[in-house]
Amino acid sequence: MPALASHRKPRPRVRSTVPAVGLTSAALASVTLLSSQSAMAAPAPKPSIEEVQKKVDDLYRQAGNATQKYNQAKEATDKQKSKVDALLDEVAKRTEKVNDARRTLGNYAAAQYRNGGLAPTATFFLADDPQSFFDQTHLMDRMAERQQQAVANFRTQQAKVSKQRAEAVESLETLTESQAALRTSKQDVQTKLTEARTLLSKLTAEEKARLAELERKKEAEAERKAAELAKKQAAAKKEAERKAKESGGSGTETGSGSGSGTGSGSSASTKAEKVLAFARAQIGKPYVWGATGPASYDCSGLTQAAWKAAGVDIPRTTWDQVNVGTRVATADLQPGDLVFFYDDISHVGIYKGDGMMIHAPKPGANVREESIYYMPIYGSVRPA
């Protein structure tokens, strides 16, 4: 007899997922471990000496820019403080006038109280002498006019002192803002200088020597360009003198540019001589950001002091100094002209002739002579 087929459904096979989970976890762990090892095995590449030089130069330029912001904020703070002090003095004086007016009103009020405040009719009938009453009434009318004047004066003084107090409060708020900007600018300067010093401190002795060599090459190239400019200016001057001689003129003033400042050529030349004499006397003094002399200077502090020695007042910051006087092309520079550097106009020097300048370079350096081509030139001006 043939066997009967089974009518039971076959049991489905259940796959265990535990091994899969274990494999997945293991795979993730392996990837994480490999990633960590890769990160640890690939540190950031050390910058080259050229990159360090570029970074340090840029940080010093940024510090120069922040220094100009500091100078600007300090100038605004000093002016605002003077304004606030003057307003507070005026408020004090005006308050004293208000107090004087108040005392006058108090005296009138006291006098009225002593009179008892009787009506004029009652005072007439109670008076021993009617004529005396009329005389007294006339006097009282005049006193009433004075009282009215005193009241008007009191109100006027009170209104003025209220207005001046409001101005003083507003000026104090502006002063607070200027002081905050001053603190921020100061912190920015210190931060940039710290970054630059930190970069330099990480260099080995060999790397520092290579950096110094790069600086020497940079200076040599700048001096070569200065010598080229000096030759061109000398040739231009000689040609101008030849043409002047042929036309019966008396020649040109120092340099190849035209004397387009205020006053005569001799006056401009005299001022330039005083500017350079002052600048030369400062050579060797340290650069200190925010300093205006006499022991130390920043770049615009030196240029401002030098031109002041020649009797010409120029603004404090490079951003304002660049707008003074007459713009001058590099080829037409004359001694005493101001040369500005970088696109942000964060540095300035005093042209001394032959492509050279006197300037306060940067923190850690002293006032010195240097080629105007050591930094990218923005433009030049002749203050007077």
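The values are calculated or read from the model by the stated rules, or taken from the named source; none is laboratory data. Note that the structure is predicted; figures quoted are calculated from it, not measured. Heads up, the Cβs are rebuilt from the backbone with ideal geometry, glycines too, and the neighbour counts pull from every protein chain shown. Side chains included, ligands, DNA and RNA excluded: accessible areas come from the protein's heavy atoms. Shrake-Rupley method; radii C 1.70, N 1.55, O 1.52, S 1.80 Å.
Brief remarks follow.
- Among the residues of the range 325-336, those identified as touching a strand residue (DSSP E or B) at 6+ places or on another chain (Cβ under 8 Å) and either in a strand (DSSP E or B) or among the acidic types (Asp, Glu) (or both) are Thr326, Arg327, Val328.
- Options Trp289, Trp319; residue that is modelled with pLDDT under 95, hydrophobic (A, V, I, L, M, F, W, C) and within 21 Å of the chain's Cα centre (by Cα): Trp289
- Residue count for the range 271-288 satisfying the condition of being out of contact with any Gly (no Cβ under 9 Å at 6 or more places or on another chain) and surrounded by fewer than 19 Cβ atoms within 10 Å (Cβ to Cβ): 5.
- Of everything in the range 314-331 that is over 20 Å from Ala73 (Cβ atoms) and of a type outside the set (A, V, I, L, M), the residue that is surrounded by the most Cβ atoms within 10 Å (Cβ to Cβ) is Gly325.
- For the range 353-384, filtered to residues that are free of Cβ contacts under 8 Å to residues at least 60 places away in the same chain and in a strand (DSSP E or B), the residue that is most open to solvent (accessible area, probe 1.4 Å) is Tyr378.
- Sole residue being touching a residue at least 40 places away in the same chain (Cβ under 8 Å), closer than 20 Å to Ala384 by Cβ and either part of a loop (DSSP other than H, G, I, E, B) or acidic (Asp, Glu) (or both), chosen from Val312, Val348, Val275, Val339: Val312
- Among the residues here, Lys192 does not qualify as more than 29 Å from the chain's Cα centre (by Cα), in a helix (DSSP H, G or I) and at pLDDT 85 or above.
- Selection within the range 297-309 - touching a residue at least 60 places away in the same chain (Cβ under 8 Å) and either open to solvent by 20 Å² or more (accessible area, probe 1.4 Å) or outside any helix (DSSP H, G or I) (or both): Tyr297, Asp298
- Pairs are defined by a Cβ separation below 7 Å, a sequence spacing of at least 6 or placement on different chains, a first member in the range 195-211 that is closer than 11 Å to Ile49 by Cα and of a type in the set (A, V, I, L, M, F, W, C), and a second member that is modelled with pLDDT of 90 or more and assigned to a loop (DSSP other than H, G, I, E, B); the pairs so defined are Leu211/Leu203.
- Among the residues of this structure, Asn115 counts as one that is at pLDDT below 60 and either open to solvent by less than 80 Å² (accessible area, probe 1.4 Å) or not hydrophobic (A, V, I, L, M, F, W, C) (or both).
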